[in-house]
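Only one structure is covered here, and it is reproduced in the block below.
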Amino acid sequence: MIWDFAEGNPLGSSSGSWVLFINGICKAFVKTFEDSDNSDIGSAQQKDASIQNISKDKVISTDPPYYDNIGYADLSDFFYIWLQRSLHPVFPLLFNTPSVPKTQELIATPYRHSNRQKAETFFLEGMTHAMSRLAEQAHPAFPITIYYAFKQSESTNESGMISTGWETFLEAVMRAGFVLTGTLPIQTENRSRMIGMGTNALASSIVLVCRPRCHQAPIITKREFLTHLRRELPKAIAYLKRSNIAAVDLQQASIGPGMEIFSRYAKVIDSAGKAMTVREVLSLINQTRDQTQTEYDNELDDPTRWAIAWFEDFGFGEGAFGQAERLSTSTNTSISSMAEDGLVLSKAGKVRLLKPNELSSNWNPQGSRPSTTIWEIAHHIIRTLDQGEKAAAVLIGKLGSTADCALDLAYRLYDSCNRKKRAQEALAYNALVQSWPQLKRLAQEKPIPTKSKQDTFI
Ligand SMILES: C[S@@+](CC[C@H](N)C(=O)[O-])C[C@H]1O[C@@H](n2cnc3c(N)ncnc32)[C@H](O)[C@@H]1O
């Protein structure tokens, strides 16, 4: 029997009980009223975002629907039909329909619009209107912040990497006349939420910081755009990694800095004089990101380069010795030396990488060869992380600043697993990235001295 969730007892007075919940909610209401004078009290109105006029001169931060991720109205019906019975007399306007209103709901659901294409058009047009209302009405002194938590790789099309959910949303933002001035990945999602358990679900919302685009924005060519992209995107990605963005979020977060460049201009035109679409720009952003990765790979030690290339094809599975050897020639390594160093297992004409839990538990970085590889460092940290954060922190402490290379490799391998749909292996790399700040903190902590006998004053 495996325990997924502890279920609280709703009776009684311990945590999880009904009484405790109600008291908690009451306390929150009382506190809100105690702490605020009348001017602080918020107000809520139910309005369709595509035609609303309540944001005039307001500071706007908005969390719009994420394309087709959630059917809010359908979900709400589950509660609405019960609440309507008891609360209709209290809020007659809010509860005056038999079920939750659905026609204006800005989500791309094919079953409501007869097919996928019509659902996409509905989302694009509605979201463009909603964004335009914000651009027209927002207080000019403040930027508008828009949350978007849509996982790019969840939907693919013929171009492979481009997600309709991002493309359609960004198209609406651009059409509304916004320029992106910043991208902030914010960890909004609870790591222990049900969908996040044992999966690679998003950890962050991407917050797009927007301002209305200036009317004199220039037009540039695709070549000029690419020059800006190649200069600015790698720096932005390095910054995101240093800020410890979750590996699952890096792909969508790097869209932002790329779109920041695109949105600065009235148009980006290709060699035929045609304006580039958001879809084409997203494809260029993804290509540039991949090039950054190739440049990263080229800087690594030889066995690590071999291991990454092998991992791309086989993961931790077996492959033919001949193929492994051909790859080792091109990466300047030898299978026998990698087998000796405990990186691979080579037996009966087959080769495979050792999984972290198969690596030697006696590995001691201080006593190891001068040529310790980045692959070994990262995978031994993952091995110890399986025994708990303290064990991993001890190893990181021994490795000192050399340990930092493990983080970049974890991002790199997460991305590879994600592309190859190796969700299980991806978990370990994502977990390493997410635990990194805590591991570094623990590694720097001085060990608590063991209790000694207290001296006595004479
Ligand atoms: C991502 S959710 C926001 C969730 C919110 N931040 C929260 O924590 O509860 C998007 C919301 O937009 C609402 N929505 C969908 N279509 C809308 C429309 N046309 N006008 C206004 N709101 C709409 C959905 O009902 C949903 O509540």
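Computed values, structure above
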item: Arg213, Arg264, reordered so the largest accessible area comes first (probe 1.4 Å); result: Arg264, Arg213
item: Backbone N within segment 15-45 under 20 Å of label point (7 Å from Asn9 Cα along the Cβ vector); result: 15-24
item: Expected 222 nm ellipticity per residue - DSSP helices of 4 or more, -39500 (n - 2.57), all of the chain, to 500; result: -15500 deg cm²/dmol
item: Formal net charge of residues neighbouring Ala28 (Cβ-Cβ distance under 14 Å; K, R +1; D, E -1); result: 0
item: Solvent-accessible ranking of Tyr147, Tyr239, Tyr66, Tyr414, largest area first, probe 1.4 Å; result: Tyr239, Tyr147, Tyr66, Tyr414
item: Kyte-Doolittle mean at least 0.0 and Cα axial length at least 20 Å: DSSP H helices in the chain; result: 18-35, 72-87
item: Summed side-chain charge close to His139 - residues other than His139 whose Cβ falls under 12 Å, Lys, Arg +1, Asp, Glu -1; result: +1
item: Net charge of neighbours whose Cβ lies under 12 Å from the Cβ of Tyr80, counting Lys and Arg as +1 and Asp and Glu as -1; result: 0
item: Gyration tensor verdict on the chain (Cα atoms; rounded if a/c is under 1.5, prolate if a/b is larger than b/c, oblate otherwise); result: oblate
item: Accessible-area composition of segment 210-318, carbon plus sulfur, in percent [1.4 Å probe]; result: 51
item: Entries of Lys355/Lys420; Lys58/Lys241; Lys267/Lys421; Lys31/Lys241; Lys350/Lys421 with Cα pairs more than 27 Å apart; result: Lys58/Lys241; Lys267/Lys421; Lys31/Lys241
item: Segment 242-348 - accessible surface per residue (Å², probe 1.4 Å); result: 43
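The values are calculated or read from the model by the stated rules, or taken from the named source; none is laboratory data. Fair warning: this is a prediction, and the values are worked out from it, not measured in the lab. Methodologically, a virtual Cβ is constructed for each residue, glycine included, from the backbone with ideal geometry; neighbour enumeration extends over all protein chains shown. SASA here: full protein model, heavy atoms, side chains in, ligands and nucleic acids out. Shrake-Rupley method; radii C 1.70, N 1.55, O 1.52, S 1.80 Å.
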